[in-house]
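Report on the structure given below.
The values are calculated or read from the model by the stated rules, or taken from the named source; none is laboratory data. Bear in mind that the values here come from a model prediction, so they are computed numbers and not experimental data. Note that each Cβ is placed from the backbone with ideal geometry, even for glycine, and that neighbours are counted across all protein chains shown.
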Amino acid sequence: MARAKIALIGAGMIGGTLAHIAAREELGDVILFDIAEGTPQGKALDIVEATAVFGSDVTLKGANDYADIAGADVCIVTAGVPRKPGMSRDDLIGINLKVMKAVGEGIKAHAPNAFVICITNPLDAMVWALQKFSGLPKEKVVGMAGVLDSARFAWFLAEKTGVSIKDINAWTLGGHGDDMVPMVRHSTIGGLPLPDAVKQGFMTQAELDAIVERTRKGGGEIVALLKTGSAFYAPAESAIAMARSYLKDQKRVLPIAAWLSGEYGVSDMYVGVPALIGANGVEKIIQFDTNDDEKAMFKTSVDSVKGLIKACQDIDGSLA
Ligand code: A3D
């Protein structure tokens, strides 16, 4: 069977890290695409030289021409600009919407059968625009945010309770903003829902509340520390988990920005929900039962995403 072809659109901090992980894991041959000349070629050459050391039978190539992504099985999109300290993700919308138009048209022309994972912020609006600009089937275009937000949630829980990260299963739903919805009742430590873990003394309610708050602001915490950009290692790992589930038909259930058609009371937009990813893309949306509080938080988050979509439509009339 031929090797998979993975096109990384954007060869910046996340794009370069994605290329490195994909090569080490022998997930497939990698095309690293960017508008900047030299950067994708330099990163691709650097990593392909490392394959002699870690022994992966894959090739990597840098590109500035969309023709090079032809026939890609997976496209992971990080093209655009990241946040700087003091900026919200929403401040990026003007620049990154134009980038999504160019990227969407490039994918439509050269890789129409790909499974597309968008990472560019503001995530839920950019994946929506990317689907519109590319015209690819909705189940083949998804956004990465929930895997990352949930990973942050899980790590904070592991750090606080001293329980292995392997035995923590955390879920964060809704849009990828500070009003995302960490699902306290559905997240577990060793199988115990978090409210039960509090009752059993793993942490206090106040400590759990602080973790929920830290999770919501997890991206900003790293932006403030780095000062020159945003997180890239954990975002890249998160997108690779999604790509792997598609390429290997693993059928993992992951929190992703998926197109909703009535699930969770939401239609015609992307928002973070648990979804099963297999060889057909998004094969199923998993519906958690939600109480009134969770419904209200989810609605607030969805309303924020609606506001971002409206802003996209105001900027680009073709999206209306
Ligand atoms: P960065 O290192 O700046 O890389 C972005 C790359 O995109 C640069 O190399 C640019 O040259 C390139 N680029 C710009 N315009 C185009 C274009 N039209 N076509 C192709 N390439 C282009 O950023 P990064 O890798 O740190 O972050 C990339 C994006 O991911 C940003 O929008 C971040 O905000 C976002 N991000 C999202 C998450 C989520 O969880 C959703 C997490 C972290 C970062």
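See the values below:
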quantity: Some residue of segment 128-147 being under 16 Å from residue 210 (Cα atoms) and not charged (D, E, K, R); calculated: no
quantity: Residue that is modelled with pLDDT of 95 or more and part of a strand (DSSP E or B), where the choices are 173, 208; calculated: 173
quantity: Positions within segment 92-140 being closer than 22 Å to residue 320 by Cβ, more than 10 Å from the ligand (Cβ to nearest atom) and among the basic types (Lys, Arg), in sequence order; calculated: 108, 132, 138
quantity: Residue 70 vs. criteria under 17 Å from residue 34 (Cα atoms) and over 18 Å from the mean Cα position of the chain (by Cα); calculated: yes
quantity: Residue that is nearest to the ligand (Cβ to nearest atom) [pool: residues in segment 24-47 that are surrounded by fewer than 20 Cβ atoms within 10 Å (Cβ to Cβ) and part of a helix (DSSP H, G or I)]; calculated: 39
quantity: Selection count, segment 11-23, where residues are within 10 Å of the ligand (Cβ to nearest atom) and within 15 Å of residue 61 (Cβ to Cβ); calculated: 4
quantity: Residues within segment 105-128 that are over 26 Å from residue 251 (Cα atoms) and part of a helix (DSSP H, G or I), tallied; calculated: 4
quantity: Meets criteria (in contact (Cβ under 8 Å) with a residue 60 or more places away in the chain, among the hydrophobic types (A, V, I, L, M, F, W, C), surrounded by 15 or more Cβ atoms within 10 Å (Cβ to Cβ) and not in a helix (DSSP H, G or I)) for residue 21; calculated: no
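Per-residue answers, yes or no, for (1) farther than 28 Å from residue 115 by Cβ; (2) of a type in the set (Asp, Glu); (3) over 18 Å from the mean Cα position of the chain (by Cα):
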site	(1), (2), (3)
272	no, no, no
275	no, no, no
278	no, no, no
284	no, no, no
288	no, no, yes
293	yes, yes, yes
296	yes, no, yes
306	no, no, yes
